1. Which one of the conditions (1) assigned to a helix (DSSP H, G or I); (2) under 22 Å from E127 (Cα atoms); (3) within 13 Å of the ligand (Cβ to nearest atom) does T21 fail to meet, given that it meets all the rest?
2. Give the residue, chosen from T271, T207, that is closer than 18 Å to T308 by Cα, crowded, with 16+ Cβ neighbours inside 10 Å and modelled with pLDDT of 95 or more.
3. Which one of these does P223 not meet: (1) part of a loop (DSSP other than H, G, I, E, B); (2) without any contact (Cβ under 8 Å) to a residue 60 or more places away in the chain; (3) within 15 Å of the ligand (Cβ to nearest atom)?
4. Please indicate, with yes or no, whether at least one residue in region 346-358 is within 16 Å of the ligand (Cβ to nearest atom), under 24 Å from V34 (Cβ atoms) and in contact with a Lys or Arg (Cβ under 8 Å, 6 or more places away or on another chain).
5. Quick one: would you say G337 is out of contact with any Asp or Glu (no Cβ under 9 Å at 6 or more places or on another chain) and at pLDDT 95 or above?
6. What helices (runs of 4 or more DSSP H) completely inside region 83-200 contain at least 3 residues that are surrounded by fewer than 21 Cβ atoms within 10 Å (Cβ to Cβ), out of contact with any Lys or Arg (no Cβ under 6 Å at 6 or more places or on another chain) and free of Cβ contacts under 8 Å to residues at least 24 places away in the same chain?
7. Test each condition in (1) in contact with a Ser or Thr (Cβ under 9 Å, 6 or more places away or on another chain); (2) hydroxyl-bearing (S, T, Y); (3) modelled with pLDDT of 95 or more for S360 and report the one that comes out false.
8. Filter region 210-248 for residues that are closer than 21 Å to I357 by Cβ, in contact with a helix residue (DSSP H, G or I) (Cβ under 9 Å, 6 or more places away or on another chain) and surrounded by fewer than 19 Cβ atoms within 10 Å (Cβ to Cβ) and give the result.
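The values are calculated or read from the model by the stated rules, or taken from the named source; none is laboratory data. In this text, all values refer to a predicted model and were calculated from it rather than measured experimentally. Please note: Cβ atoms are built from the backbone with ideal geometry, for glycine as well, and neighbour counts cover all protein chains shown.
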Amino acid sequence: MASIKGSADVVVVGGGVIGLTIARALALRGVRDVCLVERGSLGTEASFAAAGMLLPQVEADAQDEFFNLACQSRDLYPAFAAALRDETGIDVELDTTGTLYLALTDHDYEEIKKRYDWQTRAGLSIEILSVEQARELEPCISEATLGALRFPKDIQVENRRLLSALANSVKKLGVEIATQTSVDSLIIEEGHVRGVQTSRGAISSPTVVIAAGTWSSFIKTAPQSPVPAIEPVRGQMVCLEAKPQVTRHVIYSPRGYIVPRQDGRLLAGSTSEHAGFAKCVTAGGIATILQNAIEISPAISDLPVIDTWAGLRPRAADGLPVIGPCVEIDGLFYATGHYRNGILLAPLTGELISKAIVSSQR
Ligand SMILES: Cc1cc2nc3c(=O)[nH]c(=O)nc-3n(C[C@H](O)[C@H](O)[C@H](O)COP(=O)(O)OP(=O)(O)OC[C@H]3O[C@@H](n4cnc5c(N)ncnc54)[C@H](O)[C@@H]3O)c2cc1C
């Protein structure tokens, strides 16, 4: 293995959707010497396991700060996807059909009514549909459907194509990429970051971004300012083959979701489990996912299962992402804890972190 580059203007730790988006945003802002360090291969962890839904409105109970940021990031997607296509020729399959949220029980119906009421009052884009209207849009939905919401702006992206496009883009933009290389600790002197110690030697740098997903808090830093605690929350997925596709919309219920892909895959998800770092698929997990997907659309019962997988969502103690400079250590930035929304929040995280770094270097 070739020896590692000894210095960089910025080191980004982690090559998931967050690290890749930040490295690209830095290069686009004119930072010339960016080095991205990835323990394994680019884009093979949580970002690869995700369903690619960009749904700030579907699950929101209130218009808080997180909700506003999530909508802002979603609304960056059309330009983000178009730019990636121009840079790399890769179509990330941003599908703007929208999302249906089904009420399948009386309790679900009360919940969707509440969501409709507050989002209408807030002037957001949302429609309430009768069963007939919902079935006209998607004939596959269950006979048990009592009503539905349609979120025209909550859309989806093919996250694996997104990762390929980002990897391609950062290479073209001249970002140095060190894969199969683990960052073990930060080099810190007198309250300033000076670089990172990796499994292949040190890289000196005045600026380091920790974007290592659920493994972020394993990176050793100064004892008085550890990386915020991030825990893994396992999510399992089932992939069915649907040719022809059974739905055009992403269809959501309070218990599960199905996501149609252009190539005939139909993703069904997911679970939310505190199972440590065991990234495995379980019989119980798959049974629950299939039960919830069939509740949405009994028509999928006959479809072949063609794949299953699991990933580890990075969750901070309060469930909110940790994005921004470390107050105790100069030159250190965090971009982690994106939990259930890392694909959604990637473009905005890239913008916020790259802007903060560039202005801190002036
Ligand atoms: C089943 C499932 C479904 C999901 N669905 C959605 C969805 O529909 N929409 C959505 O927005 N989000 C979704 N998510 C959440 C989303 O996948 C994550 O929030 C997002 O991928 C986090 O990105 P990341 O780059 O921080 O982490 P990761 O993709 O996990 O990347 C972190 C990278 O850091 C590397 N790394 C770790 N430690 C080190 C080290 N010491 N040195 C070097 N490299 C290191 C890892 O190898 C890894 O490649 C889903 C997640 C799961 C599991």
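1. (2)
2. The conditions single out T271.
3. All conditions pass for P223, except number (3).
4. Checking region 346-358: at least one residue is within 16 Å of the ligand (Cβ to nearest atom), under 24 Å from V34 (Cβ atoms) and in contact with a Lys or Arg (Cβ under 8 Å, 6 or more places away or on another chain).
5. no
6. Helices (runs of 4 or more DSSP H) meeting the threshold: 106-121, 131-137.
7. Among (1) in contact with a Ser or Thr (Cβ under 9 Å, 6 or more places away or on another chain); (2) hydroxyl-bearing (S, T, Y); (3) modelled with pLDDT of 95 or more, the lone unmet condition for S360 is (3).
8. Within region 210-248, P228 is the sole residue that qualifies.
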